[in-house]
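Novice: Please read through the structure below; I'll follow up with questions.
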């Protein structure tokens with residue numbers, strides 16, 4: 001990380017408080033079908049979601065005679081209804097020319113096929129995210145459920161048509177839209193192929209899910225890659241984002257736009273290192289990831305949230321195994337983790 005942000009992720013380090021808290025943009029969130037101007041050529045839209053996480057922020061950037069859209073909302077009727085109002089009240093008769101998808105989660109990419117077909121828009125997303133989306137949609141539900149069930153059992157929990165890719169932006173690529181020059185920053189950990197957009201001159205960062213103001217993004221090992229180390233990728237990405245100016249206005253996918261990027265990066269890194277320390281202390285004897293959920297969470301989640309919780313526990317355990325501080329043992333088809341004596 002640059003000197004401006006200070007070191008965030010050196011293992012074992014305590015994170016000193018930053019000189020200021022997060023400063024939220026003094027604007028009320030736009031209503032469904034409405035918009036708020038953030039900067040010349042840049043609008044903030046909010047799409048309702050039919051889930052506990054009630055909304056997603058998406059961003060419109062002027063793009064010649066049309067608009068570049070960053071993220072879309074889910075493929076659900078409530079999201080389509082919001083877009084029909086936006087087309088009438090915000091787009092001003094100008095089409096979406098490009099759809100930039102930050103990553104392949106349903107609330108970010110779900111309506112890309114529908115919007116691309118309606119507007120003739122070109123879809124831009126990372127090559128990995130495009131492949132992952134197509135593979136997910138092509139996987140039979142029974143096969144997907146069986147793969148997830150096997151992943152949960154391994155860790156001790158016995159709870160039982162995509163559009164063509166017009167362009168795959170890569171890290172460092174420049175993109176002109178919305179009255180500015182944006183640089184693509186590829187980040188990892190929350191999702192492979194996750195893309196942020198940074199306008200250094202105007203100190204703007206479209207952060208997707210990588211940096212959120214009120215919650216820590218989920219960092220999980222997936223059933224498709226059970227040996228992965230996404231937490232290491234996530235912490236490295238925080239270091240890279242710390243090169244953005246301290247006064248950068250962060251435009252997140254959930255919550256309100258804010259300033260205080262370096263403080264938030266330090267908070268996120270510190271949170272994960274506290275979780276790592278707690279897991280090490282809890283693993284004097286071999287334990288499964290599922291048995292360790294109470295160490296990381298106040299209550300054991302249910303349903304899909306439990307899958308995310310197990311995946312996040314395994315991400316931290318795999319990280320510790322990668323440092324040599326933890327050892328993974330397979331016994332009777334179940335993985336158990338134990339701290340390595342110094």
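The values are calculated or read from the model by the stated rules, or taken from the named source; none is laboratory data. Bear in mind that the values here come from a model prediction, so they are computed numbers and not experimental data. Because the Cβ atoms are built from the backbone with ideal geometry, glycine has one as well, and the counts that use them run over all protein chains shown.
Novice: Determine whether residue 67 is assigned to a helix (DSSP H, G or I), surrounded by 24 or more Cβ atoms within 10 Å (Cβ to Cβ) and under 25 Å from the mean Cα position of the chain (by Cα).
Specialist: no
Residue-wise test of (1) modelled with pLDDT of 95 or more; (2) over 27 Å from residue 202 (Cα atoms); (3) crowded, with 21+ Cβ neighbours inside 10 Å.
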{"residue": "7", "(1), (2), (3)": "no, no, no"}
{"residue": "31", "(1), (2), (3)": "no, no, no"}
{"residue": "59", "(1), (2), (3)": "yes, no, yes"}
{"residue": "71", "(1), (2), (3)": "yes, no, yes"}
{"residue": "87", "(1), (2), (3)": "yes, yes, no"}
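Novice: Give me the helices (runs of 4 or more DSSP H) completely within the stretch 101-141, filtered to those with at least 3 residues that are modelled with pLDDT under 70, surrounded by 17 or more Cβ atoms within 10 Å (Cβ to Cβ) and within 22 Å of the chain's Cα centre (by Cα), ordered by residue number.
Specialist: 127-138
Novice: Need the failing condition index for residue 27 against (1) touching a strand residue (DSSP E or B) at 6+ places or on another chain (Cβ under 7 Å); (2) over 20 Å from residue 125 (Cα atoms); (3) at pLDDT 95 or above, just the number.
Specialist: (3)
Novice: Determine, yes or no, whether residue 222 is crowded, with 18+ Cβ neighbours inside 10 Å and at pLDDT below 90.
Specialist: yes
Novice: Within the stretch 75-100, count every residue that is in contact with a helix residue (DSSP H, G or I) (Cβ under 6 Å, 6 or more places away or on another chain) and assigned to a strand (DSSP E or B).
Specialist: 2
Novice: Counting only residues that are on the phi < 0 side of the Ramachandran plot and touching a helix residue (DSSP H, G or I) at 6+ places or on another chain (Cβ under 6 Å), which one in the stretch 185-210 is surrounded by the most Cβ atoms within 10 Å (Cβ to Cβ)?
Specialist: Among those that are on the phi < 0 side of the Ramachandran plot and touching a helix residue (DSSP H, G or I) at 6+ places or on another chain (Cβ under 6 Å), it is 187.
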